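A.B. asks: Dropping a structure here in structure tokens format, bear with me for questions.
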């Protein structure tokens, strides 16, 4: 190597102005022009062509020049400018220059090969972008080190995070390497020579020489990555051309610069040029053999460009606001490229609810396929109807230049199918909105669209559909199916932020609630953001509009908005997006349509299958449910026999029925079915009516559309009774008042159903401490029932018992005792000794006796009643537990604390299991047990129990609690006196609630008025109206409560609730 160096130095001194040559040997001399050369890192157009179909870019090597490298000795103009245009008339010819000097008189460039590659990629991308030619096919012709620069530039483009820089990789047609040292060159040894040995050279750039070492890791990395890329592209069906030219002659003295083993790439064409490393790229005429061989490759590649340039027939631009869905796209991109299955035309599908973003996902997937598989044609066909499908096929045929595609009698769909099926190119066909099974699979006399789908092992078809039946009939394997759900919360927030200002979403809680309300559905979010952007309202204001009522919400969801990524013939609003599906279902499966209408009146979650109208057969019902699930309108809860309906689908269906004038008819059908199935609420059937309760409530929201007031009042009454059993007295009161109002208008006051409503409302009022109004209503009911039914009728005895309870609540014990004894005597005669109503009267009589201090007599009756309750109803029945509580009360008042505590604990444990920890009866047992423990001196456990009961009861509803306590305190003061234990209890409870609201001064004044007496447990009266336990707030000294008997079933022929 040093011998060659000495020879080079001698030759250098003999030359005043050595020529600027290319290649490692010729470029080692320093360049006196390098510091001022304006050609460095610049692109120059040697030949422009307005109608160019290909760009050809020349890249020189070490110490080369963008023009002189390609200029023959004795000539002044590079041959790519003088010789090529005449042979390649549709080519735009460019040359790139960069600072490739390794030695300088002053300062050598520190640029590494990767820097030169990055600059080439950036400069070339910019040039093509300015020429509006970013998608034009590209060919590189590279000499020596320039080949390595091109290889690295292509690899940088392939994996670049910037989409515009990835365009170079997608457009590469081929690379001609001329004397490129793929595996290194002996000239790398020049990097080991001390700078002082090169004479006047003061600065060197060794990195460009070191990379030429045969064992250089970076060089090996380039070679490995480039070869792997070529192999992968060929496996995917992309023919990326490569031709390697190598020098046949050595340079004088220096010898062969790049040996054959280093100049070739295995598996690609290799051509020898009869010239040395410098002259192999300097052609003086078109007759030069080297030029003719290179030209032959370029002409062959150019001829393929027009034929192989991939087509892009997609009606939409890229959605710049597309967010998320990365896992879905990753799955699709493994499935839909034609190269994913080399033996068949694979089919895949994106399935999901309308508005969930299937089209947008498919669109983004199409762009990513174009980016990652630039050789693949991408076609888009909407399957909305026959006309749009055929029009899209016709445009596709024109792009493919299919003969006869515009003939009047041409079968356009068949021509396109045949062309794609016979194509040698890779293609992806996206069939959007393949929802209509009748359109896709045909009816009598009509050819189904699926018959016109092409099939080729070089092709792939992606469907978007909201109908799972279409997926099944298209024979799409499960592994190729993507079920698209609503967006994740992070994706939903990101989408909402794309179109609105930051201050509109400053209230994060309102934003989250709004997205909950919109179910994270992309179309609903897009519509909301468009409206917010247009009006400037905040997320909180939009949410308030949504929650202000269904009519206002429908109005919002019906607002159209501009969306360039949707078809002009379709409507954008959420309220309209499912209308086509509603029509399809109504046409194809009438029972499914009936079920969807029916479900739209119910609550959206856990709709029991048993509520739905029966079909003609079990199979028909299964198919109907299957159809709704196929459209993603409903989802089935595993193992529960129930379904959820999408919130916005439910609302859109109601709106559709209203627009068609069918809301009244559907409402009648639903109410009749509920009236038939919703049972009279009792403990024994609680599992049934608890499942039906939310759906009956939801249906009753639309009761103004139901003409039958009798059915309305019946359902209102049963729903009110259900809430009473759950301890939700205010709701029960409101519903009972509505039922009573309807029955008073439709039926006479004396009608048994009207009297039932009066009685039930009075019970609810009593449970809230509204004793005077409750007494008035019970007296009215008793008077009317005595007149209509007689004194001994079970309903009359029920009213008598309930009136007696209210009297005892107000301290009118003697009158209450007389009425209870009378009711007990008559019930024993009429109903029998073990009837629940008779047992209730027995309990209530014992309750009054206990209030009068007659504990032994009360204990005897309570023990007898508890034994009978256990035998008749079971140990866990609420009525049995009420009786147990009452017996414990009497025991406690006699000082039998241990036995009382045992019974209270047992009642508490069972009530937690049966009624739940927050039921008023459960809290009552907790408070009573705490009081008995206090009597036993177990103060720490007593305090714990009281705190737990109060916290569960209050639940933060302090204002409501304050109102109830003030009312109770006022009534007890009037009825029982200021020093009565129950009055003092109300005073203490009111002070507690005031303190929790921060009203400390008033709370302190109340506490100072009177000391709290030693608390005692409460007993529970059992009244004769329904199997409900008396429920009041837990308090230090609770007022005694009552239980109501089951009213006998109606024997008058009228519907009774």
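Every number here is computed from the coordinates shown, using simple stated rules; none is lab data. As the structure is a prediction and not an experimental result, all values here were calculated from the model. Heads up, the Cβs are rebuilt from the backbone with ideal geometry, glycines too, and the neighbour counts pull from every protein chain shown.
A.B. asks: Sorted by mean Cβ packing within 10 Å, highest first, what order do the peptides 759-768, 310-319 take? It would help to have the intermediate numbers written out before the result.
C.D. replies: Details: 759-768: 25.8, 310-319: 15.8.
Packing order, densest peptide first, comes out as 759-768, 310-319.
A.B. asks: Additional query: For a quick protection proxy, order the peptides 818-827, 469-478 by their average other-Cβ count within 10 Å, most packed first. Don't skip to the end; give the middle numbers.
C.D. replies: Working: 818-827: 20.8, 469-478: 16.1.
Taking the mean over residues of other Cβ atoms within 10 Å, the ranking is 818-827, 469-478.
A.B. asks: Shape of region 691-832 from its Cα gyration tensor (a ≥ b ≥ c, root eigenvalues): rounded if a/c is under 1.5, otherwise prolate when a/b > b/c, or oblate?
C.D. replies: On the way: a/c = 2.18, a/b = 1.66, b/c = 1.31.
In terms of gyration-tensor shape, prolate.
A.B. asks: On a C-alpha basis, how far is the centre of region 248-269 from the centre of region 628-652 in Å? Whole number, if you could?
C.D. replies: One Cα centre to the other: 71 Å.
A.B. asks: Classify region 578-661 as rounded, prolate or oblate from the Cα gyration tensor: take a ≥ b ≥ c as the square roots of its eigenvalues, call it rounded if a/c is under 1.5, otherwise prolate when a/b beats b/c and oblate if not. Please list the in-between numbers first.
C.D. replies: On the way: a/c = 1.67, a/b = 1.24, b/c = 1.35.
Here region 578-661 falls in the oblate category.
A.B. asks: Just need the relative contact order of region 705-812 here, percent rounded to a whole number, with Cα pairs under 8 Å and 6+ apart. Numbers along the way, then the final one.
C.D. replies: Details: 115 pairs, mean separation 21.0, N = 108.
Once normalised by length, the contact order is 19 percent.
A.B. asks: Please compute the contact order of region 81-182 in relative form: average sequence separation of alpha-carbon pairs under 8 Å and at least six residues apart, divided by the residue count, as a percent.
C.D. replies: Numbers: 105 pairs, mean separation 28.2, N = 102.
Averaging sequence separation for qualifying contacts and normalising by length gives 28 percent for region 81-182.
A.B. asks: Between region 863-896 and region 457-511, what is the C-alpha centre distance in whole Å?
C.D. replies: The distance from the Cα centre of region 863-896 to that of region 457-511 comes to 59 Å.
A.B. asks: Arranged from highest to lowest average of other beta-carbon atoms within 10 Å per residue, in what order do the peptides 448-454, 687-693 appear? All intermediate terms of the calculation are to be shown ahead of the outcome.
C.D. replies: Values: 448-454: 18.0, 687-693: 16.4.
Result, highest mean Cβ count within 10 Å first: 448-454, 687-693.
A.B. asks: Another question, then. Need the full-extension length gain, residue 218 to residue 498, defined as separation in residues times 0.36 nm minus the C-alpha distance. One decimal, nm.
C.D. replies: Working: separation 280, 0.36 × 280 = 100.80 nm, distance 4.24 nm.
Net length gain for the segment: 96.6 nm.
A.B. asks: Also, quick follow-up: What is the distance in Å between the Cα centroid of region 121-192 and that of region 682-749?
C.D. replies: If you average the Cα positions of each part, the centres end up 78 Å apart.
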